[in-house]
Amino acid sequence: MPFVNISLYPVLRKQIFMIRSILLSFIQILTFFPFAHSQKLRKADKEIIAELQTDINYLSNDKLEGRRSGTTGEALASDYIIADFAKAGLKPMGDSGTWLQRFEIYDGRDISRSVFTINNTAVLLNTEFFPLPFSAGGKVEGSPAVALQESGSPWFYDLKEAIEAAQSNPHFDLNKFLREKTKQFAGKGASAVIFYNSSKTDDGVVFDPAEGIRPEKIPALYVTKSGRRKYLKDISQTLEVEIDVEMEERKRWGHNILGYLDNGAPYTVIIGAHYDHLGFGEDGNSLYHGTEKMIHPGADDNASGVAGMIELARLLKKTKNPKSNYLFIAFSGEESGLIGSKHFTEYPTLPLSKISYMMNLDMIGRLNDSTHSLTIGGYGTSPQWSDLINSTMNKKLFILNVDSSGTGPSDHTSFYLKSIPVLFFFTGIHSDYHKPTDRADKINYPGELQVIKLIYAITQKMDGMNKPVFAKTRDRQFGVAPAFNVTLGIMPDYSFPGSGLRIDAISEGRPAEKAGLRTGDIITRLGNYSVISLQTYMDALSKFNRDDETTVVFLRGNEEMKAAVQFK
């Protein structure tokens, strides 16, 4: 989506500055600060906290509608961040000398054209029928009997039995069922499949372009109840059928924001934080279960990280005699599968060989006053990190949890996969995660201040040191999934819009490597379980235990291949 003239931006920021004075007054009367052992905040600390409050309040304001990638809300956030980058003295480092780096986000499939006739009568699109989002395009003609399924002909399929059986199965996924039936019927010779439901139970099937993924091999239509009553009352009849379906891919455009602090040094440190969030939860990654459409403001996830990154830009700009350059990147597309950070590492605006290391700030705003728990990921991606962090960390302020892996559900993963040492700062999951209740008034601002100070101290200790040596780590499997006891040892390509699960990276010595799988292979089946998405892959994986053996089916280019795999 092109950027818009955001006339509300100065008004909204003015409102936030009005409440800033109230918040400052509150800060000034604080006499107990658990992280500083009851000492009062210095003036400089109060100013940083006020700036964090200003930034987080703006970025999580409902006017931005949850900052979903490729929306007006993203544009509002982008303009705000650019203004702060410029004020901090950074220079644009995006595409063609701009602040922005644009990338494509697949947004499902929509109907371009769809014609369906029965006995030379046009069936009404959307009212009496519609193609399913995974339908193939193309023209099909035939004279099928509704009750018979003959090779080379369109097939009709009544959902009644499946719908009624599913009433006692809370885990039944009708969309998955429709797709698997379409795949199955195509394999048995159907030229198209026409679904209908003769039961009295409403099946809830609708056309949702956001759920569309790569097409199956044959057209797949759904006839509504009104269409069924009009055309399919007599299942013994033979019908003259013509189908002509054209589908089109929908796209959005996300935008990374890049600000450069050029100190004339040979190497550059990347400091990143994603600024996108869930919008209204329309992409299916919300944990909110209410029926009312709600904005997901994302104060901790990840307005907190962006505000911290902006504050680090201000601090590092004031640092005397720096020996490193700093590239600050506000990533979009993180919630869609790390798309923005992956795009940067595939199309970097400075050579990856000149990157010293990458630090990722994601959800650093909810440090718990009781546990003081701070997680640092990427701990094993360089042998320097252990001594450096232990010598920098104030153990009176934090209880450190370390995650050695360079992979995880955030943007540092994209850099680790390019053999760049990473550090990931995170204050933990909480009950407001991916919900409309993740709001600015729940941020622990003094706690975030201490996290920022720690990160700044690490940059200062690293300044002037040699580029840290990269080390491979034992990669973690991650994603929203049921509990499982095994892993193939792969990193999914979260930006892959097609059917199946494409492999983005493979861990050494794990089952996938031993089975001969490669980066770029697309897994379509695991044992008896079809894989059409990340979630179905995780569902399939949850069915296996250690020492189980099975077969993995995958595509390598256009060739379908099989391999035996044993889980360890």
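The values are calculated or read from the model by the stated rules, or taken from the named source; none is laboratory data. Treat the numbers as computed from the prediction; the structure is a model and nothing was measured. Note that we place each Cβ from the backbone using ideal geometry, even for glycine, and neighbour counts take in every protein chain shown. When the accessible area is computed, the model is the full protein with side chains, heavy atoms only, and any ligands, DNA or RNA have been set aside. Shrake-Rupley method; radii C 1.70, N 1.55, O 1.52, S 1.80 Å.
Straightening the chain between K461 and S370 buys 29.9 nm, computed as 0.36 nm per residue apart minus the Cα-Cα spacing.
Calculated FRET efficiency, D262 to E47, Cβ-Cβ distance, R0 = 30 Å: about 0.70 to the nearest 0.05.
Take every DSSP beta bridge whose two residues both sit in the stretch 290-424; close to 10 percent of them are antiparallel. Summing Lys and Arg as +1 and Asp and Glu as -1 over all other residues whose Cβ lies under 9 Å from the Cβ of H255 gives a net charge of 0. The mean accessible area for residues of the stretch 403-550, using a 1.4 Å probe and ignoring ligands and nucleic acids, is 40 Å² per residue. Straight Cα distances below 19 angstrom link K514 to the lysines K472, K562, K568, with same-chain residues fewer than 8 positions distant left out.
The share of accessible area on the chain that comes from carbon and sulfur is 50 percent, using a 1.4 angstrom probe.
Solvent-accessible area per residue in the stretch 290-370 equals 32 Å², computed with a 1.4 angstrom probe and all protein chains kept. Under 16 Å of direct C-alpha separation, and excluding same-chain neighbours fewer than eight residues apart, K467 reaches these aspartates and glutamates: D387. Counting only residues at least eight positions apart within a chain, or on another chain, the lysines with an alpha carbon under 26 Å from that of K435 are K63, K176, K251, K293, K342. So in the chain, what percent of DSSP beta bridges are antiparallel if you round to the nearest 5? So the antiparallel bridges amount to about 65 percent of the total. Here the simple spin-label model places points 7 Å from the Cα toward Cβ, and for K63 and N126 these points are separated by 3.3 nm. Look at the Cα gyration tensor of the stretch 117-259: its axes a ≥ b ≥ c give a/c of at least 1.5 with a/b over b/c, and that counts as prolate. Coordinate range of the alpha-carbon atoms in the stretch 262-415 per principal axis, descending: 54, 41, 30 Å. For the residue pairs K160/K233; K200/K230; K139/K181; K139/K230; K181/K543; K317/K395, alpha carbon separations beyond 18 Å are given by K139/K181; K139/K230; K181/K543; K317/K395. Legend: residues F177, F344, sorted from most to least accessible area (1.4 Å probe; ligands, DNA and RNA excluded), read F177, F344.
Apply the Debye scattering formula to the stretch 89-187, with a single equal point scatterer on each alpha-carbon and no solvent, then give log10 I(q)/I(0) at q = 0.25 Å⁻¹. The Debye formula, applied to the Cα set alone, gives -1.48. Scaled to the globular estimate 2.2 N^0.38 Å, the Cα spread of the stretch 37-131, given as radius of gyration, is 1.96.
Computed log10 I(q)/I(0) for the stretch 364-472 at 0.12, 0.22 Å⁻¹: -0.44, -1.26, from the Debye equation with unit scatterers placed on every C-alpha and solvent omitted. Set against the 2.2 N^0.38 Å expectation for a compact globular protein, the chain has a Cα radius of gyration ratio of 1.09. Bridge orientation summary for the stretch 359-516: considering DSSP beta bridges with both residues in this region, about 45 percent are antiparallel. Maximal additional length on extending the K568-T117 stretch stands at 157.0 nm, based on 0.36 nm per residue less the C-alpha distance. Computed over protein heavy atoms with a 1.4 Å probe, the accessible surface of the stretch 154-255 works out to 50 Å² per residue.
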